[in-house]
Amino acid sequence: MKVLLHTCCGPCTIYPLRVLREQGHEVSGYFYNPNIHPYSEFMKRRDTLAAFAKNASLPLVMDETYELHSFLKGALDYGRDRCLFCYRTRLAQAFVRAGECGADAVTTTLLYSKYQRHADIVAIASELSEEYGLPFMYEDFRVGWAEGVAESKQLNMYRQGYCGCVFSELERHKRGER
């Protein structure tokens, strides 16, 4: 099956890509992440993913649309549930892209992170699957969290300390994390 893997960054792509390939799928990556702030962080994540994709022979489409104003407005409108807006925005664009490139299914590296709202991601992706008429391929990639982290460190990849949005960056600093 041809699977479009929405990717948030290089380190989070390692394990899902391996699993999907082991299952026999033809995987292509899609980078669309207008949530990442500041722009320098966006570029670091983009470049790290591009280097990984090249080394892993992962076909990759980079959507460098950086709609910060509309992202911030939407996230602020959602308040404490801003992550739902973020997931829906990015995944909807992945479903659009999957339709354009003839993919058979869509999945996301968001399902790899133990810090994301897993059940909400699944619910939103399932709704979008119905809306766009393309299957959502569910896999709980969190089981490979430690393995992916270890490999990203071994590859000396840039690893970010927050999900990407300015709100999570602020929360991280309030908690005293680096």
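So the values come out like this:
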{"item": "Under the Karplus curve 6.51 cos²θ - 1.76 cosθ + 1.60, θ = phi - 60°, whole-Hz ³J(HN,Hα) for region 153-158, x wherever Gly or Pro sits", "result": "5, 4, 7, 6, 7, 5"}
{"item": "For region 33-137: rounded, prolate or oblate by the Cα gyration tensor [a/c cutoff 1.5]", "result": "oblate"}
{"item": "Residues His69, His37, sorted so that the one with the fewest Cβ neighbours within 10 Å comes first", "result": "His69, His37"}
{"item": "Radius, Kirkwood style, for the chain when every pair of distinct Cα atoms is counted (Å)", "result": "16.3 Å"}
{"item": "Relative contact order (%) - the chain, alpha-carbon pairs under 8 angstrom, separation at least six", "result": "29 percent"}
{"item": "Members of Lys2/Lys73; Lys73/Lys153; Lys2/Lys153; Lys44/Lys114; Lys44/Lys73 lying beyond 26 Å, as alpha-carbon distances in this model show", "result": "Lys2/Lys73; Lys73/Lys153; Lys2/Lys153"}
{"item": "Efficiency of FRET between Ala51 and Lys114 - r from beta-carbon atoms, R0 25 angstrom, step 0.05", "result": "0.55"}
{"item": "5 angstrom amide H check on Val61, placed H, neighbours 5+ away", "result": "Gly29, Tyr30, Phe31"}
{"item": "Built amide H within the under 5 Å cut-off of Val3, gap 5+", "result": "Glu26, Val27, Ser28, Asp104"}
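Rule-based calculations on the coordinates, nothing more; no lab input. Keep in mind the model is a prediction, meaning the values are calculated, not measured. Cβ sites come from the backbone with ideal geometry, for glycine too, and all protein chains shown count toward neighbours.
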